[in-house]
Amino acid sequence: MILIFDYFETIVHNKSMDFNRGLKDLWEKHYQDKCTFEEIKTLGDELFKHLLKMHEQGLEYRFVKDELPEYAERYGGDTVEMSAEEEADFLMKCNEMEVLPSIYEALAAFEQMGIPMYVLSNSGFTAAALSVALERLGIRKYFKKVWSSADFGKIRPTRDFFELAITSALSDNPTAKRKDIVFVGDMYDTDVRGAFNAGIDVIWLNYHNSPDTDNLSSHNIQGPDELLNLVKKEYLNGIN
């Protein structure tokens, strides 16, 4: 068995999310002598709408590579360069993150069971920044690799993005087969549909008890507190 996890609301929960918290810090450090915060906030809102349009096309809008140059072009000065740590700082200002206790328990148990684990995230932030955030949250050690759509350029449910993870995971685990891979995620259209189209099983964290309208989910659970028992059952039975 190989587990590939979504990031947000699967292994990491956002207690609160506000892009302007990070944007204000960026403005104070680099732009307060060039524009007002309201001006840069307005541009941020415009760029968010552009992000949504790109997502409709299955493409990612990258924070460091695509968005930061827009602020420099509009307000002057050099494009702000960010290390992975600085990008993670921005991300974690925008997103007040926590790892649910049940996820800590599950990841530790899966490691003990020898299950390889990975993360495949739809995010405008790079895998390096997401990894820094996971390290700060104390769970990066459980995952062999982290992939982000910010690096790949396409988002789930694009099959190419799933194939990136599947091919790499199978290369890491040469005795495993595609049928051994299970994706864990909370979004029906991006996670459940995407995994189904990629030909792998999926565990759907169905927080709102939504209908599985197209009968795509291999396993439908109410939340991460049910994940450990489900995987133990499947793993011990040798199904995956």
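Rolling a 1.4 Å probe over the protein heavy atoms of region 1-135, with every protein chain left in place, gives an accessible area that is 49 percent carbon and sulfur.
With axes computed from alpha carbons, what is the tilt in degrees of helix 227-237 against the longest principal axis of the chain, rounded to the nearest 10 within 0 to 90? Roughly 40 degrees, rounded to the nearest 10. A 1.4 Å probe run over the protein chains yields, for region 74-147, 43 Å² of accessible area per residue, whole-number rounding. A helix-only calculation puts the chain at -13500 deg cm²/dmol for mean residue ellipticity at 222 nm, using -39500 (n - 2.57) for each DSSP H run of at least four residues, averaged over all residues.
Estimated from the Cβ-Cβ distance and a Förster radius of 51 angstrom, the FRET efficiency linking MET113 and HIS50 is about 0.75. The modelled label-to-label distance for the pair THR213/TYR75, using points 7 Å beyond Cα in the direction of Cβ, is 4.0 nm. Can you give the FRET efficiency to the nearest 0.05 for LEU100 and GLN32, using r as the Cβ-Cβ distance and R₀ = 30 Å? With R0 = 30 Å, the Cβ-Cβ based efficiency is 0.20.
The alpha carbons of the chain stretch over 63, 35, 33 Å along the principal axes, in descending order. With the cut-off at 26 Å, tell me which of the pairs LYS29/LYS93; LYS24/LYS141; LYS65/LYS93; LYS154/LYS232; LYS53/LYS145 have Cα atoms farther apart than that. Those over the limit are LYS24/LYS141; LYS154/LYS232; LYS53/LYS145. Under the simplified labelling scheme, the ASP160-ASP189 pair shows an inter-label distance of 2.0 nm, with each label point 7 Å from Cα along Cα→Cβ. Computed from the C-beta positions of LYS65 and ASN237, the FRET efficiency with R₀ = 51 Å rounds to 0.70.
Measuring with a 1.4 angstrom probe and ignoring ligands and nucleic acids, MET17 comes out at about 140 Å² accessible. When you restrict to C-alpha pairs under 8 Å that are six or more residues apart and normalise by the size of region 126-178, the relative contact order lands at 26 percent. Over all orientations, region 110-240 has a Cα convex hull whose mean projected area works out to 8.0 square nanometres. Treating region 118-161 as a set of equal point scatterers at the Cα positions, no solvent, please give the Debye-formula log₁₀ I(q)/I(0) at q = 0.29, 0.34 Å⁻¹. For region 118-161 at q = 0.29, 0.34 Å⁻¹, log10 I(q)/I(0) is -0.99, -1.18.
The values are calculated or read from the model by the stated rules, or taken from the named source; none is laboratory data. All of these numbers come straight from a predicted model, not from anything done at the bench. Cβ sites come from the backbone with ideal geometry, for glycine too, and all protein chains shown count toward neighbours. The protein model used for the area step is the full one, side chains on, heavy atoms only, and it has no ligands, DNA or RNA in it. Shrake-Rupley method; radii C 1.70, N 1.55, O 1.52, S 1.80 Å.
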